[in-house]
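A.B. asks: Let me begin by handing over the structure; questions about it come next.
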Amino acid sequence: MKHIKTVNKANLKETAAKGGCGKCQTSCQSACKTSCTVANQQCEANK
Amino acid sequence: MLVHRFIKGGEYLVLDVNSGGVHVVDELVYDMIGLLEPPLTEEMPERLVSELSRFPEKDIRECYDEVYSLYKDKLLFSPDEYRKYADVLTQAPVKAMCLHVSHDCNLRCKYCFASTGDFGTGRKIMTPEVGRKAIDFLIEKSAGRQNLEVDFFGGEPLMAWETVKATVDYARSIEKQHGKNFRFTVTTNGMLLDDEKTEYINREMSNCVLSLDGRREVNDRTRPTPNGKGCYDIIVPKYKKLVEGRVNEGRTDYYVRGTFTKYNLDFAEDVLHIASLGFDQLSVEPVSASPDAPYAISEQDFPEIFAQYDKLYDIMAEGVEKTGRKPFNFFHFMIDLDQGPCAVKRLRGCGCGNEYVAVTPDGEIYPCHQFVGMKEWLMGSVLTNDIDTEKQKYFAKTHIYNKEGCADCWARFYCSGGCNANAYIYEHSMEKPYKLQCELTKKRVECGIALSVKMKEARERNT
């Protein structure tokens, strides 16, 4: 495309089907403790 | 909201909310998307020619074809199809615990939400026996979960050092036989760090959060000792030693974490100051405070706060441009556009009161550390191995579709509805997100997405 560049996999929908395995870190345990920050956690399903 | 458009770092960015797609577009496409509503038709609406008349018609038609192509591929204006997953969310195994080993503290931070350490419930230290009971509880209630997280918290957890060690050692002695993998973390003010504790923490803790608010005068104003002196000069050398031990092993699993208040709205200076000390894993976060507190931030402070986030973004983006790497990591700008959490996790926040709980020195269970002391939210006890499953089920349903305004907010898959405790404390309802945090979060997510784009572009340039 000339006018649009998609920079990521845009795979949120695919992650839903096999999601919720619970392997990843609870967000509040990382650094915040007062401000919920979920999207910066890493998926650990395949680790 | 299906798409969110914003301009950052000179780039026109479009987030397709439901696919998570991030598109870098030109000005024409950016404007065009703002004029469109789904469903799109294969044939371009002719009104666009006049509405975008400052661009050549040929370009307008060419851009529409590209926009329509993305739309067809469900990468633009894609529908929200996640409610069905939210509808079946229910009580989950407990996998994470904030272990309040100490309801006492050796600092008297002005903004402490824990009433200077005791959460209003009297100064207490957890016994090793209660620590071990907490581990037994977690193992029993975590069926199907392998990775278990325990954060030593307080008050100041290093005041309960014997309990910390006894709890870790006990968990390590039985984790294999139960098929579990314990990840310990500690959130400390650093005052009691010594060589023995530093070595133990670096050996056993998968992350540590080291409290420091930034510049000496900023830190010492809000984080005094009980006799009114500052702690900066005591803790900074200890942090340097601890972090050096981790960095020498190639590790980056720590945060120097600060709080900013109305007293230091120029908090970017504090972030930069902490970075100048040699730390590169940083988090400086807004104070959680009652609106009538003199240090509380308010909506009137947003222009200044946003300018500070912009300043941090500019510095980090410049570093990426020049070196391909961020000069430091800023927790609230961390967004991995490809390997982030799954959509199911993003439907609700931290999991408090359901898969994540806090445990007091007496073994009482609360939904999280911010609920501790609110008797109406007491959920059980690790001493009797019981937890209120009805409350767990309630928290399981605190997802984005049950929170006022979230289902229509473009940032819903980044903050996941926000902090339940903040909602309850400041908006008096778990179903009502804390508006002040919402606006700050949106600003940070924009910076985080834009920075991730910069990183990707830098990687592409270098390959």
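Computed from the coordinates by the stated procedures, all read-outs in this text should not be read as laboratory data. Computed from a predicted structure; not experimentally measured. Because the Cβ atoms are built from the backbone with ideal geometry, glycine has one as well, and the counts that use them run over all protein chains shown.
A.B. asks: Excluding residues on the same chain fewer than 8 positions from B:K72, give the lysines whose Cα lies under 23 Å from its Cα.
C.D. replies: Correct list for B:K72: A:K2, A:K5, A:K9, A:K13, B:K58, B:K84.
A.B. asks: Sticking with this one: I'd like the distance between the alpha-carbon centres of the range B:84-147 and the range B:159-206, rounded to an integer number of Å.
C.D. replies: Cα centres, the range B:84-147 to the range B:159-206: 15 Å.
A.B. asks: Given Cβ point charges of +1 (Lys, Arg) and -1 (Asp, Glu) and nothing else, what value in debye, to the nearest 20, does the dipole of the range B:1-138 about its Cα centre take?
C.D. replies: 1420 debye
A.B. asks: Still on this structure: Under 14 Å from the Cβ of B:G250, count the other residues' Cβ atoms, weight Lys and Arg +1, Asp and Glu -1, and hand me the total.
C.D. replies: Surrounding charge for B:G250 is -2.
A.B. asks: Using alpha-carbon pairs under 8 Å, 6+ residues apart, how would you state the relative contact order of chain B in percent?
C.D. replies: About 15 percent, as a whole number.
A.B. asks: Where in chain B are the helices, taken as whole DSSP H runs, whose Cα atoms extend 18 angstrom or more along the long axis and whose Kyte-Doolittle mean reaches at least -1.0?
C.D. replies: B:128-141, B:161-174, B:232-247, B:302-323, B:435-461
A.B. asks: Number of Lys pairs in the range B:388-463 with C-alpha atoms less than 21 angstrom apart, excluding same-chain neighbours closer than eight positions?
C.D. replies: Taking the Cα cut-off of 21 Å, the pair count is 16.
A.B. asks: Check the straight Cα-Cα distances from B:K197 and name the lysines below 27 Å, setting aside those fewer than 8 residues away within the same chain.
C.D. replies: The reachable lysines, counting only those whose Cα sits under 27 Å from B:K197, are A:K33, B:K95, B:K110, B:K124, B:K133, B:K165, B:K176, B:K180, B:K229, B:K238, B:K240, B:K241.
A.B. asks: Which of rounded, prolate, oblate describes chain B, given a ≥ b ≥ c as roots of the alpha-carbon gyration tensor eigenvalues and a/c under 1.5 marking rounded, otherwise prolate only if a/b is larger than b/c? Write out the running numbers ahead of the final one.
C.D. replies: Details: a/c = 1.99, a/b = 1.55, b/c = 1.28.
Since a/c reaches 1.5 and a/b is larger than b/c, the shape of chain B is classed as prolate.
A.B. asks: Let me ask you something else. Quick one: Cα centre-to-centre distance for the range B:1-40 and the range B:373-401, in angstrom?
C.D. replies: That distance is 40 Å.
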